[in-house]
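Asker: Okay, here's the structure, questions in a sec.
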Amino acid sequence: MAHYKIILAEDHVLMREGLKRLIQEDPELQVVDEAGDGLELLQILEEFTPDMVIIDINMPRLRGLEATKIIKELYPEIKILILTMNKSKELVYKAMNYGASGFLLKDDANTVLHSAINTIRLGNTFISPLIFG
């Protein structure tokens with residue numbers, strides 16, 4: 001079976017490494033590349049199109065929401081999971097309007113990351129339970 005290919009875009013290396021370890025606990029998922037900011041992510045996407053991008057909302061040079069909007073314009077088939085510490089419902093709505101498929105709080109990542117990825121992979125939307133819970 002083909003792997004579901006994911007690119008991580010997160011400016012904190014420790015967080016990126018933790019996410020990568022969590023993701024790769026599932027043998028069907030594969031982190032194929034990593035970016036430390038939105039511009040680096042766009043450069044990677046010029047060379048390779050993954051199934052999903054998990055993107056931090058607060059990154060240097062090009063923030064996650066702005067990158068999401070550009071990615072969805074250039075590569076509409078890529079699923080995007082927004083990663084943040086911000087629990088703002090307004091931010092959720094804005095991310096979804098920009099084309100994100102999901103919104104994951106960092107506080108939830110260790111328990112619902114796989115659920116978020118699989119929900120989005122099946123064509124549905126995922127929003128962290130802590131947002132509206």
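No value in this document is a laboratory result; all are computed from the given coordinates. It should be emphasised that the depicted structure is a prediction, and the values quoted were computed from it without experimental measurement. Please note: Cβ atoms are built from the backbone with ideal geometry, for glycine as well, and neighbour counts cover all protein chains shown.
Asker: Quick one: in segment 60-115, of everything that is acidic (Asp, Glu) and assigned to a helix (DSSP H, G or I), which residue is nearest to Gly38 (Cα to Cα)? Can you show your working first?
Answerer: Of the residues in segment 60-115, the ones acidic (Asp, Glu) are 66, 73, 77, 90, 107-108.
Filter again for assigned to a helix (DSSP H, G or I), leaving 66, 73, 90.
Numbers: Glu66: 8, Glu73: 15, Glu90: 21 Å.
Taking the candidates together, the pick is Glu66.
Asker: On to the next question. Among (1) out of contact with any helix residue (DSSP H, G or I) (no Cβ under 6 Å at 6 or more places or on another chain); (2) closer than 14 Å to Leu19 by Cβ, where does Asp108 come up short?
Answerer: With (1) out of contact with any helix residue (DSSP H, G or I) (no Cβ under 6 Å at 6 or more places or on another chain); (2) closer than 14 Å to Leu19 by Cβ applied to Asp108, the lone miss is (1).
Asker: Those residues that are buried (at least 18 other Cβ atoms within 10 Å of the Cβ), among the aliphatic types (A, V, I, L, M) and in a helix (DSSP H, G or I), I need them from segment 21-43; list them, please.
Answerer: Ile23, Leu41, Leu42
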